[in-house]
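Asks: Sharing a structure, written as structure tokens. Questions coming.
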Amino acid sequence: MKKVLSALCISFFLIPSCTGNSQKQENREGFIDEHTFRVVATGVAVPSEKDITKRKEQALKAALLACQYRMLEKFRGYCIQLVPFYRPAGTPPEVLEEDRRILKKNRELFRKLADQVKDGKAVTALYDEHQVCTIVYQVRIQNLKVLLTRCY
């Protein structure tokens, strides 16, 4: 009897631990595939607003802006090239010119990506009892991963 009871207790704790990752695939941040990037952010309505539908709209807008900002910051992290902000005196002019060229190309790429991030979409939007909105925002750009990993 003790063996059966102990086997039941052990299986009670082991089975849930074998179910895999508890995080849902849709809430995962980062690259989903080489063309798709997702982020998760939360938005809150203005505290003085009392109308529930307006609070939800405000929270959704705030969450969308937060996601777009967060995504751009992640892209910026990928695009930042280790171009020194300081070069010692006597650095050859061609090295300085190359630094300027790299920074200019990265800026141009980032501007293009920033325009495309605005065209992304909210995959899911969840509200809690206080009308706080949490969304999963996704952008799909052809060869996005290649673009970000090949910053100049």
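Asks: Can you give me the number of residues within region 83-119 that are in contact with a helix residue (DSSP H, G or I) (Cβ under 7 Å, 6 or more places away or on another chain) and surrounded by 15 or more Cβ atoms within 10 Å (Cβ to Cβ)?
Replies: Total meeting the criteria: 5.
Asks: Are any residues in region 93-124 β-branched (Val, Ile, Thr), at pLDDT 85 or above and part of a helix (DSSP H, G or I), and if so, which ones?
Replies: Passing the criteria: only 117.
Asks: Which pairs have Cβ atoms under 7 Å, sit 6 or more apart or on different chains, and link a residue in region 125-151 that is part of a loop (DSSP other than H, G, I, E, B) to one that is of a type in the set (Gly, Ala, Ser)?
Replies: 131/45; 131/59; 132/59
Asks: Is region 84-92 home to any residue that is assigned to a helix (DSSP H, G or I), more than 16 Å from residue 39 (Cβ to Cβ) and without any contact (Cβ under 8 Å) to a residue 12 or more places away in the chain?
Replies: no
Asks: If you don't mind, there's one more thing I want to ask. Of all residues in region 45-67, which are surrounded by 15 or more Cβ atoms within 10 Å (Cβ to Cβ) and either at pLDDT 95 or above or out of contact with any helix residue (DSSP H, G or I) (no Cβ under 6 Å at 6 or more places or on another chain) (or both)?
Replies: 55, 56, 57, 58, 59, 60, 62, 63, 64, 66, 67
The values are calculated or read from the model by the stated rules, or taken from the named source; none is laboratory data. The shown structure was predicted, so the numbers you read here are calculated from the model rather than taken from an experiment. Glycine also receives a Cβ, built like all others from the backbone with ideal geometry; neighbour counts cover every protein chain displayed.
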